[in-house]
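**Student:** Here it is, the structure in full.
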Amino acid sequence: VALVGLDIGFRAAHNSDLNFVQAYACCFLGYVMRSRQQLLSQIRSVSPVIAPSMLKCDFGNLHREFERLQTAGTEVLHLDVMDGHFVPNLSYGPMVIERMRQHSGAIFDAHLMISDPGRYLDEYVRVGCEAITIHLEAVPEPAGLLRAIRERGLLAGLAVNPGTGWSPAARFLDEMDLFLVMSVQPGFGGQKFIPGAISTIREARLAGGDRLLISVDGGIGKSTIAECAKAGCDLFVAGSSVFDEPCYSAAMAELRRLAMEARAAV
């Protein structure tokens, strides 16, 4: 009964008090709320970051998956949200992420592959997402939504598909904290890496300097991570190259080693 009452109170205050939304999430979902600047500092301090994509996890045994990810020292978890409209596939949404949040203190990076991300923004705030990335192809004029994400104390991310590249996103540089380069067509895991992503990463790094965090998503593994690191990538979304391996710790450590060595060689 108490929980029901609290939830009613939360929903009443939901649209007018963003601090209440975030405090609710921290209290009931079991993680420490970090400011936007703290999030940026934490990611930069451990870059290059391997961010496991939960699209590839075993949803039938989430508790065990989070135990293995924690043992591996996971700093950032990548959450692929698909609506069956913007991309031809469905995945999961706030209800599942809310349960995930109870098992992890990692930074939750929500990649919204959906047609109307602004409509659901506060739901993802409520369930504990700390970085929210929207697609330029879904929101051609994203400045207002990126600012709204920042106003909630979160990292604002802008993603582009392989055929879009950096140029159309360049004018929104000052509104974003994170630029996500898709190196496969969005919608399905396990695809082959598209080499054209390298030039997009390189252009974004040249334009954004050290201020911009750059992430790459799709086909990241032992044979592709080094070139992305050389081009200037900070975060590497890894699905099959982590979850298909017998030891997540060893898989993530090896990927990070390859990225560090490639970065040092530049």
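The values are calculated or read from the model by the stated rules, or taken from the named source; none is laboratory data. Being a predicted model, the structure only gives us computed values, none of them experimental. Here Cβ is always computed from backbone atoms with ideal geometry, including for glycine, and neighbour counts include all displayed protein chains. Ligands, DNA and RNA are excluded from the accessible area calculation, which covers all protein heavy atoms including side chains. Shrake-Rupley method; radii C 1.70, N 1.55, O 1.52, S 1.80 Å.
**Student:** Any idea what % of Cα-Cα pairs in the chain are farther than 30 Å?
**Tutor:** 23
**Student:** Check Val49: other-chain or 5+ apart residues with amide H under 5 Å from its amide H, H built from backbone geometry?
**Tutor:** Here the answer is Leu235, Phe236, since their amide H atoms fall under 5 Å of that of Val49.
**Student:** I'd like the distance separating the alpha-carbon centroids of region 30-50 and region 173-236, in whole Å.
**Tutor:** One Cα centre to the other: 19 Å.
**Student:** Report the FRET efficiency, 1/(1 + (r/R0)^6), for Asn61 and Lys192, where r is their Cβ-Cβ distance and R0 is 25 Å, rounded to 0.05.
**Tutor:** Approximately 0.35, to the nearest 0.05.
**Student:** As a test of the formula, what do you get for the chain when each DSSP H run with n ≥ 4 contributes -39,500 (n - 2.57) and the sum is divided by the residue count, at 222 nm and rounded to the nearest 500 deg cm²/dmol?
**Tutor:** So the calculated ellipticity at 222 nm is -12000 deg cm²/dmol.
**Student:** Further, regarding this structure: So what is the accessible area of region 36-265 per residue, in Å², with the probe set to 1.4 Å?
**Tutor:** Ligands and nucleic acids excluded, the figure is 40 Å² per residue.
**Student:** Here's something else I'd like to know. Which part of region 145-163 falls in the paramagnetic zone of Leu206, meaning amide N under 20 Å from the point 7 Å along Cα-to-beta-carbon?
**Tutor:** Counting backbone N atoms under 20 Å from the label point, the list is 160-163.
**Student:** Test of understanding: extend the Cα→C-beta vector of Met33 to 7 Å, then name every residue of region 89-132 with backbone N under 13 Å from that spot.
**Tutor:** 125-130
**Student:** Now for a different question. Once R0 is set to 30 Å, what does the formula 1/(1 + (r/R0)^6) return for the Cβ-Cβ distance between Arg150 and Val96, expressed as a FRET efficiency to the nearest 0.05?
**Tutor:** So the FRET efficiency works out to roughly 0.75.
**Student:** Here's a follow-up. Tell me, what HN-Hα J-couplings in whole Hz come from the Karplus equation 6.51 cos²θ - 1.76 cosθ + 1.60 at θ = phi - 60° for each residue of region 97-105, using x for Gly and Pro?
**Tutor:** Along region 97-105, the couplings run 4, 4, 6, 4, 4, 5, 10, 8, x Hz.
**Student:** Can you give me the % of accessible surface on region 36-265 that is carbon or sulfur? Probe 1.4 Å, all protein chains present, nothing else counted.
**Tutor:** 51
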